[in-house]
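Right, one structure below, let's go through it.
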Amino acid sequence: MWQKAFSEVPGFDPDTQTDSSIPFHVSTLDELRIFLDRVHIQQCLLRPYFETKNYPLVEARELLPSFEVDLFEYKDLPGFSMVAFERPLSSFEEIFQYDVLKTHGGDTPTPWTLQEQGCHDDGRHHSTNMDQFLARLPRRYHEEMERQFHDRDICDLTEYHALLPYLLRLERAHVLALDQQNNFCLAGVYASLPSDLDSELKRFGLKIGKFRTGDNDLYECNRSFVYQFLMELYGFSIVSERRTSSALFARRLHRM
């Protein structure tokens with residue numbers, strides 16, 4: 001059954017993570033990738049395969065990048081966007097918007113934040129984080145989540161297994177980053193990942209000679225070709241707007 005997948009991998013079984021005597025540290029992108037691969041395979045591939053009636057079969061050719069303009073996704077299968085940084089977040093300096101979640105070992109408090117936000121109050125952190133999350137979660141899931149996480153830290157990566165079904169219900173992306181102890185945590189939700197697709201297309205089209213400044217007819221004639229070529233060049237499939245935006249945002253981060 002899907003619940004047993006990876007259950008014998010040391011440090012992975014979510015049932016063991018409630019034991020505080022077992023250290024659990026994910027502090028590098030490689031460690032995070034391995035951890036997330038296991039969680040996402042279990043929760044987003046195996047679980048729906050066992051639980052979804054008439055699970056949609058996927059042809060082998062569909063596993064390759066598709067450059068046909070089929071802007072759809074399987075509606076019954078889990079989908080999400082996520083961005084991870086191997087550093088602490090700096091809210092004011094980030095190039096995207098998100099709802100901040102505060103960890104208990106989070107930002108070094110200033111006198112103002114101590115006074116206004118109660119930064120040393122773990123209960124306050126928990127309440128604020130839950131409020132932020134619930135504000136973005138469809139109301140029909142509120143009671144269930146509040147009951148399950150009323151005394152648990154949703155930022156702690158050991159809770160990611162249990163939290164993922166709720167993350168899958170959120171629009172936009174969730175954000176993983178390092179906390180002050182250099183461990184990865186859930187640092188934000190409802191993140192907008194700016195892709196700037198229009199400017200990307202126009203710059204690329206001008207570069208390869210398919211567009212000319214001010215030539216509307218040439219732009220309209222070649223736009224689809226330039227879009228497909230741009231996606232193919234970087235291995236991005238043309239699918240939903242969310243996944244295309246995520247791919248272009250990842251490319252922007254890589255250039256930075």
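The values are calculated or read from the model by the stated rules, or taken from the named source; none is laboratory data. Computed from a predicted model, the values in this text were never measured in an experiment. Reconstructed Cβ throughout: ideal geometry from the backbone, glycine too, with neighbour counts over all protein chains shown. Areas reflect the complete protein model, heavy atoms only, side chains present, ligands, DNA and RNA absent. Shrake-Rupley method; radii C 1.70, N 1.55, O 1.52, S 1.80 Å.
All conditions but one from (1) open to solvent by less than 50 Å² (accessible area, probe 1.4 Å); (2) part of a helix (DSSP H, G or I); (3) under 30 Å from THR128 (Cα atoms) apply to ALA250; the one that does not is (1).
In the stretch 94-108 there is at least one residue that is modelled with pLDDT of 65 or more and loosely packed, with under 13 Cβ neighbours inside 10 Å.
Do we find that PHE236 is part of a loop (DSSP other than H, G, I, E, B), surrounded by 15 or more Cβ atoms within 10 Å (Cβ to Cβ), touching a Phe, Trp or Tyr at 6+ places or on another chain (Cβ under 6 Å) and not small (Gly, Ala, Ser) in this structure?
Numbers: part of a loop (DSSP other than H, G, I, E, B): yes; surrounded by 15 or more Cβ atoms within 10 Å (Cβ to Cβ): yes; touching a Phe, Trp or Tyr at 6+ places or on another chain (Cβ under 6 Å): no; not small (Gly, Ala, Ser): yes.
The answer is no for PHE236.
Checking each residue in the stretch 130-143 for being under 17 Å from the mean Cα position of the chain (by Cα) and under 14 Å from THR103 (Cα atoms) picks out GLN132, PHE133. Of the residues contained in the stretch 210-227, one or more are found to be at pLDDT below 95, touching a Leu at 6+ places or on another chain (Cβ under 8 Å) and open to solvent by less than 40 Å² (accessible area, probe 1.4 Å). Considered as a group, the residues in the stretch 133-158 that are part of a helix (DSSP H, G or I) and at pLDDT below 95 include one that is most open to solvent (accessible area, probe 1.4 Å), and that residue is THR158.
Quick one: is LEU201 of a type in the set (A, V, I, L, M), surrounded by 15 or more Cβ atoms within 10 Å (Cβ to Cβ) and part of a loop (DSSP other than H, G, I, E, B)?
Numbers: of a type in the set (A, V, I, L, M): yes; surrounded by 15 or more Cβ atoms within 10 Å (Cβ to Cβ): yes; part of a loop (DSSP other than H, G, I, E, B): no.
Taking the combined requirement at face value, the residue does not satisfy it.
Among the residues of the stretch 164-191, those identified as open to solvent by 40 Å² or more (accessible area, probe 1.4 Å) and among the polar types (S, T, N, Q) are GLN180, GLN181, ASN182.
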